[in-house]
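These notes are about the structure you will find just below.
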Amino acid sequence: MILKKGEPVRTRGRHVIIRATAVVCLALPLAAFAVERPAPIPVQMPYEMPPAVQHSPAETVPQNTKPLTPEELQRAEALLPLLEGKQEFWAMGEFVHLGEPVVPVLVKALTMPGPRIRYNAIETLSMLKAPAAVPVLITTAKDPNEMPRVREHALRVSIRLDPSKTPEAIQAMSKDPNSSIRKAAAFESRYVRDKAVVPILIDMIADDERFVGLSAVQSLWILTRHETEFHDWDSSTKQDRTEWTREWTDWWNIEKDSFQLPEPKRRSTAQPG
């Protein structure tokens, strides 16, 4: 049936006027049409191993061993300022590629103004494994006007390159006014297999700073394996450590002529059964 505008319609005894301009929408809740679905059931998918990656052997460029050409020398000089900044790692790599002949150029960096340049120069000398640089590194380690961080790194690298030449630096640093320098000397001494460092470390046990004395006695234990009386080193005072130093001194006076440093302990590689 088609209804015209204003035409009455009888529905259950009532007249309803349907106007063309009015639209009546009966919105039923969407939930009324929702159909309950069963919960999804997880399914184990078959696992396939990814294909093996074929690694090609890394290609390394060998270090240069020939004397630097004038062009290479000029290039190395130009690299020195780049040891500080965004390109510092690239510059270090370039120095390593130039090889041990570049050591005299790198040594110049140890007197340049930037402390990071000096630190990175020492690190580069370490990567070059150049024992020829040790005398200059020892001079840097002993320099009281140098930054402690640079001095400590210079000593550390010197010991790695040629420990036999470092007792002199350890002796000087053990008397330094800066306690962090004295601690570095006490700690790094454990890597110097030389009897000359033993009396230096014994003297350092009674240092004003307890952490310096603790580093010294720990290095002595590692180097000599000498077992002393039990003492509470962690809470010791300077007076305590001064008294305990006598025990080490008495032992060393008896043993120093015939004493030989024991071989360093090696980590066990045996697998548990």
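Data overview
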item	result
Near pairs, Cβ below 7 angstrom, 6+ apart or cross-chain, from region 81-97 (in contact (Cβ under 8 Å) with a residue 12 or more places away in the chain) to any residue that is part of a loop (DSSP other than H, G, I, E, B) and surrounded by fewer than 18 Cβ atoms within 10 Å (Cβ to Cβ)	E84/G114; V96/Q63; H97/V61; H97/Q63; H97/N64
Lone unmet requirement of (1) under 24 Å from P148 (Cβ atoms); (2) surrounded by fewer than 22 Cβ atoms within 10 Å (Cβ to Cβ); (3) acidic (D, E) for E188	(2)
Cβ-Cβ under 6 Å pairs, at least 6 apart or on other chains, region 190-215 side within 17 Å of R160 (Cα to Cα) and aromatic (F, W, Y), far side part of a helix (DSSP H, G or I) and at pLDDT 95 or above	Y191/I159
Filter result for D203 (part of a helix (DSSP H, G or I) and within 26 Å of D250 (Cβ to Cβ))	yes
Only one of L261, L223 that is assigned to a helix (DSSP H, G or I), aliphatic (A, V, I, L, M) and within 27 Å of S164 (Cα to Cα)	L223
Residue match in region 154-166 (condition: part of a helix (DSSP H, G or I), more than 24 Å from the chain's Cα centre (by Cα) and touching a residue at least 24 places away in the same chain (Cβ under 8 Å))	yes
Flag if A132 is modelled with pLDDT under 95, small (G, A, S), more than 30 Å from P177 (Cβ to Cβ) and in a helix (DSSP H, G or I)	yes
Looking only at region 116-163, and only at residues there that are surrounded by fewer than 22 Cβ atoms within 10 Å (Cβ to Cβ) and hydroxyl-bearing (S, T, Y), the one that is nearest to E88 (Cα to Cα)	Y119
Criterion violated by V150 - all others in (1) β-branched (V, I, T); (2) under 19 Å from the mean Cα position of the chain (by Cα); (3) closer than 19 Å to W233 by Cα satisfied	(3)
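The values are calculated or read from the model by the stated rules, or taken from the named source; none is laboratory data. Just so you know, these numbers come straight off a predicted model, no measurement behind them. As a convention, Cβ positions derive from the backbone with ideal geometry for all residues, glycine included, and neighbour counts pool all protein chains shown.
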